[in-house]
1. At 0.36 nm per residue, and after removing the present C-alpha to C-alpha distance, how many nm does the segment from residue 102 to residue 120 gain when stretched out fully?
2. Keeping all protein chains in position, work out how much accessible area residue 139 exposes to a 1.4 Å probe, and write it in Å² to the nearest 10.
3. Given R₀ = 25 Å, what would the calculated FRET efficiency be for residue 170 paired with residue 218, taking r from the Cβ atoms and rounding to 0.05?
4. Just to confirm a number: summing +1 for Lys and Arg and -1 for Asp and Glu over residues other than residue 215 whose beta-carbon lies under 9 angstrom from that of residue 215, what do you get?
5. Quick one: check the C-alpha center-to-center distance for the range 203-256 versus the range 122-198, whole angstrom.
6. So what is the relative contact order for the chain, in percent, with contacts set as C-alpha pairs under 8 Å and at least six apart?
7. Work out, in µm²/s and without decimals, the Stokes-Einstein translational diffusion coefficient of the chain at 20 °C, 1.002 mPa s, Rh from Kirkwood over C-alpha pairs.
8. Between rounded, prolate and oblate, where does the range 85-196 land on the alpha carbon gyration tensor, with a ≥ b ≥ c its root eigenvalues, rounded for a/c under 1.5, else prolate if a/b exceeds b/c?
Amino acid sequence: MTTLALQTFTIRRDMKTAAAIDRSFRRLALLGLRAVELAYIRWQPAIVEAVSAASQYHGIQVGSSQITFALLDKRREQMLEFHQQLGCDTTAVSVLPLAAVLGGRDRLLRFAEQLDALGAWYRERGLTLCFHHHDFEFRRYGEQTGFELLMAHTDPDNVALEMDTYWAQRGGQSPAQLVRRMAGRVRVLHLRDYGLRRGLLGMRSADAALGQGNLDIADIVEACREQGVDFMAIEQATPTPWADVAASLAHLRRLGYDELVGTINTTETDA
């Protein structure tokens with residue numbers, strides 16, 4: 001069953017201390033959310049302990065995490081221990097390393113080999129490794145895009161996919177079609193809308209609360225359910241994250257997805 005979550009990059013300013021983490025998890029529970037993807041936190045024992053305590057107290061599952069390749073690679077045992085402490089069995093490489101972004105096809109394929117080996121190491125120890133893409137993976141390297149090369153040169157058993165609807169759209173892809181095309185390889189999806197705003201140099205793409213952009217959110221949700229995506233994590237990179245999360249949840253309810261969102265406590269959501 002697909003579970004709705006919040007990606008904590010959205011509320012990163014409210015995840016810096018144990019007290020702030022507890023308050024944030026309480027607000028999420030009041031909004032009706034029951035899971036998070038951890039991102040943009042300090043992976044230190046005190047912070048992980050605070051997340052673990054808040055998770056258990058407020059009934060918020062840590063469904064997945066998003067961490068840099070370097071950290072997942074160089075601090076393997078510690079990362080594994082942290083995820084076991086959190087009861088979390090899925091992590092994602094947050095971004096393609098700069099050398100692979102700037103390098104050519106051969107450099108990208110070398111990274112795919114490293115990624116596959118890292119995924120195999122974690123899989124053997126009970127942790128699923130995903131790869132989170134941006135838009136630059138959809139550049140072409142001859143007849144294939146970087147995204148296609150990475151997926152073709154990693155074993156699905158070792159490397160799953162964390163898909164991002166905003167970056168897919170910005171890369172010229174249909175998010176719902178991409179979920180279906182990957183045929184069950186998507187483990188986590190960042191559920192984001194894609195808006196356009198006027199800037200100094202004309203129109204530019206920007207995050208938007210669900211329902212306030214151009215994406216067919218219902219089709220994306222249905223694709224996730226069809227393909228067995230574990231978590232859809234709402235992510236917002238906006239100046240008013242809590243208001244936009246509430247607006248996104250309201251949009252999902254308008255679409256008829258009350259069972260995904262859970263019960264909202266209207267008397268305490270501003271606490």
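The values are calculated or read from the model by the stated rules, or taken from the named source; none is laboratory data. Keep in mind the model is a prediction, meaning the values are calculated, not measured. Note: ideal-geometry Cβ built from the backbone for every residue, glycine included; neighbour counts use all protein chains shown. We work out accessible area using only protein heavy atoms, side chains counted, and drop any ligands, DNA or RNA first. Shrake-Rupley method; radii C 1.70, N 1.55, O 1.52, S 1.80 Å.
1. Roughly 3.9 nm would be gained on extension.
2. Answer for residue 139: close to 100 Å² accessible.
3. With R0 = 25 Å, the Cβ-Cβ based efficiency is 0.75.
4. Summing Lys/Arg as +1 and Asp/Glu as -1 gives -2.
5. 17 Å
6. 21 percent
7. Roughly 113 µm²/s, to the nearest whole number.
8. Since a/c reaches 1.5 but b/c is at least a/b, the shape of the range 85-196 is classed as oblate.
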